[in-house]
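Engineer: Okay, here's the structure, questions in a sec.
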Amino acid sequence: MSGNSGGPWGGGGNRGGSNGGDDDDRNRGNQQGGRRPGENQIPEIDELMNKGREQLRVLMGGGNGARRSSGGGGGGGDAPQFGAGAVFLGLGAAVVLWGLASFYTVKPEERSVELFLGSYSSTGNPGLNFAPWPLVTYNVVNVTSERTESIGSSGGVRDDNGLMLTTDANIVDIGFQVVWNVSDPTKFLFNIRDPQQTVQAVSESAMREVIAASNLAPILNRDRGAIASTVQESIQAALNEYDAGINIVRVNLEKADPPGDVIDSFREVQAAEQQRDRLQREADAYANRVVAEARGQAEQVIQQAEGYRSQTVNNALGQASRFSAVQEQYALAPEVTRRRIYLETMEQVLGGVNKMILDPTLAAGGEGGGGTGVVPILPLNDLLGKTDQAATATTAGGN
Amino acid sequence: MRKLTFIVPALVVAGIAALSSVFVVDEREKALVLQFGQIRQVKEEPGLGFKIPLIQDVVKYDDRILSLDTDTIEVTPSDDRRMEVDAFARNRIADVVRFRQAVGEGGYKVAEDRLQSILNAQIREVLGADQVTSDTILSADRRVLMNRIRDQARASALSLGLDVVDVRLKQTNLPSQNLDATFARMRAERQREAADEIARGNEAAQRVRALADRQVTETLAEAEKSAQIARGEADAEANGIFAAAYGADPEFFDFYRSMQAYVIALKGENSTMVMTPSSDFFDYLYSGDYAPNPQAAGQ
């Protein structure tokens, strides 16, 4: 493409051969108008075109020479007969060459900018375009295709360029991509010399500015999206200030991490956060378990008490009723009933009890006083030893 | 025929002369027309220009915004923390005449060198100014500083015929010797944070546990209280019932209840009784007669 655009200029250079010293200046301007600033091999093309024109001239000159030689030799004016074929051929070739230099195509993603004698005349749309050489020159610019500048570390590549200093004097490793295209091909061509380098430098500056105005922690997490959009606005504003005709499509903040040297410490913090969470959850689990148990236990105690209440009251009612019933009958025949109850009770009590009946009159200090002097030995220990439970030795004295 | 042989070369010469007396200035360019080194014409607008062939030369300069990146320099803000700074400038040739006068035939290369030294000087001056600390550079005031550098550089670059469109700081970093110390500090900060997290976790856990334990104790105590109240009420009620029933005949109650108590208290195999035959129960066992004789006689 730049070869095409250089073509007419090569012609111009040839035409202005007297001031050949300026060729360099013109070539620089020309070639940088193309899409790739920084390449400087246009002189070759220039030379090529010079040669082409030289050959053309030889062709024409050949025609002239033929005419001249015929004029010199024959001395007549019928040279055209002889030279007509060469002249037509030459003219035809010239027209074809002119056509090749003047017609050009613009692809769908491109626009062309046409200059009439150096000043802007029109913008060409996709399709076949006509720029009559040498009056009109053109530059084709790829407009809609997205171009990407990567800054800082991205992917697996570590790059110290991505290390940026934050407000709190921490260092963060940033990697991002700026995607851009051309919004205005004329401005893009006419206003800045190194578009790609400009985007790169402005992007880096904008990102560093945003990072330098922020603390580390928010950069790492919650502000990521905000940073990308702020940077995008900032880049766009700067480029608009330059009238660069460049549109920033988006900024991808690929990486905003602590530097590799300290990232382990950040992971430790994450682990600690997890641990904190775990400790809390364990405690919650404990609390849930213990409190629920306690509630159950409390309920048990209360229900037991209620049970006791019911039991006690009912028991009392039962006993009272039983007593009342017995007492009613007792009141009818007190003497007999009393005796009967006594005997029945004794029967029951003494029936199952180990008994030992001692006649006090046999004992020394017995009731009778004048006993036989027999001293009964009570082997209380033996008696008690029979049972391991606390046995009761009861002396049933008189009444 | 003679005429023709003269006319053709004459036409050719005239054509060459005509072509070399016009020149085209592109949208991207500005041109100077020089006559033996003297500036005769300034052409800043694009289009066709005219000059005298052979005598006059055209020099063209780029009219677009040009870029310049400065080298990394170390600056010392007023808080004496050194920083590595680099910047880029966007500039364009504003005044071709002055530009030509300032840089001569060296062209933009020479101008670039001069601008570079202007920028370095201005960066040092602005960033080393009294009120400017490294904290200022690392803050939203950075923009203000950049604008100040730009304005000062613009003033200085006017003499070069250059218009400084923009100056922006790129890197503002610590010197690499300080990096390790910074990393160490960052690590220490993280460790502090990690320890803090764990301690807070323990704190929270302990609080939750203590609260739970307290709740347990309270719940149980509450329940115990209710239980005791219930039991007390039950006992009271029972006492009331007993009192009402037994109060009808206390003497009989005494007897009757004693009898019941004997049965329960002297139950079974675990009791041993040592008795005298004088008990009422043995009235008949020892007396040997059937006459009622409450006083048991010895054998």
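Engineer: Given the criteria within 14 Å of another protein chain (Cβ to nearest Cβ) and part of a strand (DSSP E or B), does A:ILE219 qualify?
Structural biologist: Numbers: within 14 Å of another protein chain (Cβ to nearest Cβ): yes; part of a strand (DSSP E or B): no.
No, not satisfied.
Engineer: May I pose another question? On the basis of being more than 14 Å from chain A (Cβ to nearest Cβ), crowded, with 20+ Cβ neighbours inside 10 Å and at pLDDT 90 or above, does B:GLN122 make the cut?
Structural biologist: So B:GLN122 fits the description; yes.
Engineer: Exactly one condition in (1) out of contact with any Leu (no Cβ under 8 Å at 6 or more places or on another chain); (2) polar (S, T, N, Q); (3) farther than 24 Å from B:ALA236 by Cβ is not met by A:GLN319; state its number.
Structural biologist: Condition not satisfied by A:GLN319: (3).
Engineer: Could you check A:THR337 against (1) over 30 Å from A:SER203 (Cα atoms); (2) facing another protein chain (nearest Cβ under 7 Å); (3) surrounded by 15 or more Cβ atoms within 10 Å (Cβ to Cβ) and say which number it fails?
Structural biologist: (2)
Engineer: Of the conditions (1) surrounded by fewer than 18 Cβ atoms within 10 Å (Cβ to Cβ); (2) under 21 Å from A:VAL182 (Cα atoms); (3) in contact with a Ser or Thr (Cβ under 6 Å, 6 or more places away or on another chain), A:THR105 clears all except one; give me its number.
Structural biologist: Failing condition for A:THR105: (3).
Engineer: Then there's this: Being out of contact with any strand residue (DSSP E or B) (no Cβ under 9 Å at 6 or more places or on another chain) and either more than 8 Å from chain A (Cβ to nearest Cβ) or at pLDDT below 85 (or both): is that true of B:PHE6 here? Outline the logic, then answer.
Structural biologist: Values: out of contact with any strand residue (DSSP E or B) (no Cβ under 9 Å at 6 or more places or on another chain): yes; either more than 8 Å from chain A (Cβ to nearest Cβ) or at pLDDT below 85 (or both): yes.
When the stated conditions are applied, B:PHE6 passes them.
Engineer: Scan segment B:231-252 and tell me whether some residue there is of a type in the set (A, V, I, L, M), within 25 Å of A:ALA292 (Cα to Cα) and modelled with pLDDT of 90 or more.
Structural biologist: no
Engineer: How many residues are closer than 30 Å to B:VAL25 by Cα and either part of a strand (DSSP E or B) or among the hydrophobic types (A, V, I, L, M, F, W, C) (or both) when one looks only at segment B:62-98?
Structural biologist: 15
Engineer: Hey, could you check segment A:276-306 for residues that are surrounded by 14 or more Cβ atoms within 10 Å (Cβ to Cβ) and among the small types (Gly, Ala, Ser) and say which is nearest to the chain's Cα centre (by Cα)?
Structural biologist: Applying the filter and picking the extreme gives A:ALA283.
Engineer: Could you name every one of the strands (runs of 3 or more DSSP E) located completely within segment B:1-58 that has at least 2 residues being closer than 21 Å to A:VAL113 by Cβ?
Structural biologist: The strands (runs of 3 or more DSSP E) meeting that bar are B:22-25, B:29-35, B:47-50.
Engineer: Let me ask something else. In segment B:121-132, is there at least one residue being among the β-branched types (Val, Ile, Thr) and closer than 25 Å to B:ARG100 by Cα?
Structural biologist: no
Engineer: Can you tell me which of B:ALA194, B:ALA223, B:ALA248, B:ALA205 is touching a Phe, Trp or Tyr at 6+ places or on another chain (Cβ under 9 Å), within 7 Å of chain A (Cβ to nearest Cβ) and assigned to a helix (DSSP H, G or I)?
Structural biologist: Only one candidate passes the filter, namely B:ALA205.
The values are calculated or read from the model by the stated rules, or taken from the named source; none is laboratory data. Computed from a predicted model, the values in this text were never measured in an experiment. All Cβ positions, even for glycine, are placed from backbone atoms using ideal geometry, and neighbour counts span all protein chains on display.
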